[in-house]
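Below is one structure; the comments refer to it alone.
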Amino acid sequence: MWEIIIPVVVVIVFVAIYNRLVKMREQVDAAWADIDVQLKRRHDLVPNLVETVKGYAGHEQETLEKVTRARAAALSAQGPASQADAENMLTGALKSLFALSEDYPDLQASESFRDLQSSLRDLETHIQQARRYYNAVVRDYNTRIAQVPHNIMAQAFRFTKREFFEIDEEERDVPQVNF
């Protein structure tokens, strides 16, 4: 009788471990998709912001081109590490754009610019929340695939460690825009 019970219990345990790893991997993918949605919203907002600034400060071409290049790099980035680098570059470019806006009182008074600024501020908050959730899910997943006996199943079925979505130390704050 034990000859049947022990193998059945072992199979049940391995199936449970496998299913837990699959569930965690799917949570990581879903969390990344949430970040991707927020970043897409941010990337869609940037051209409107650039066009609004261009209407008031069109001769500031270098800053506008820097923002456009940073957005293009962010759109083409793949994976958490390169995406984080590209987003850091875009955040820096946006800071330059907002710093530039301080020299243009008409731009600061523009309702559309203020609306875009407010939308960006809200998006930055959502992105930060999505990053925290993603990193928490990745931490749990990476920990689980490193622990015994989960690591046996993880290696057998090629569950691989995931990257965190980290940002530069100087980029940790939401861009501040003062008018």
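Structure summary
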| item | result |
| --- | --- |
| Whole-number percent relative contact order across the stretch 1-107, with pairs defined as alpha carbons under 8 Å at least 6 apart | 23 |
| Modelled FRET efficiency - R0 35 Å, Arg69 with Gln108, Cβ distances, 0.05 increments | 0.90 |
| Distance between the stretch 48-77 and the stretch 96-147 - C-alpha centres, whole angstrom | 17 |
| Net charge, Leu39 excluded, C-beta distance under 12 Å - Lys, Arg +1, Asp, Glu -1 | 0 |
| 20 Å Cα-Cα reach of Lys54 towards lysines, excluding residues that sit fewer than 8 places from it in its own chain | Lys66, Lys95 |
| Residue order, fewest to most surrounding Cβ atoms within 10 angstrom, among His59, His43 | His59, His43 |
| Long-range tail of P(r) for the chain (Cα pairs > 19 Å, %) | 64 |
| Relative contact order %, the chain, counting alpha carbon pairs below 8 Å whose residues are six or more apart | 33 |
| Residues Tyr134, Tyr18, sorted so that the one with the fewest Cβ neighbours within 10 Å comes first | Tyr18, Tyr134 |
| Neighbour-count order for Thr143, Thr52, fewest beta carbons within 10 angstrom listed first | Thr143, Thr52 |
| Spin-label pair Ala16/Thr143, simplified geometry with 7 Å Cα→Cβ offset, distance in nm | 2.0 |
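Coordinate-derived values only; no laboratory data. Here the structure is a predicted model, which is why all the values come from computation and not from measurement. Here Cβ is always computed from backbone atoms with ideal geometry, including for glycine, and neighbour counts include all displayed protein chains.
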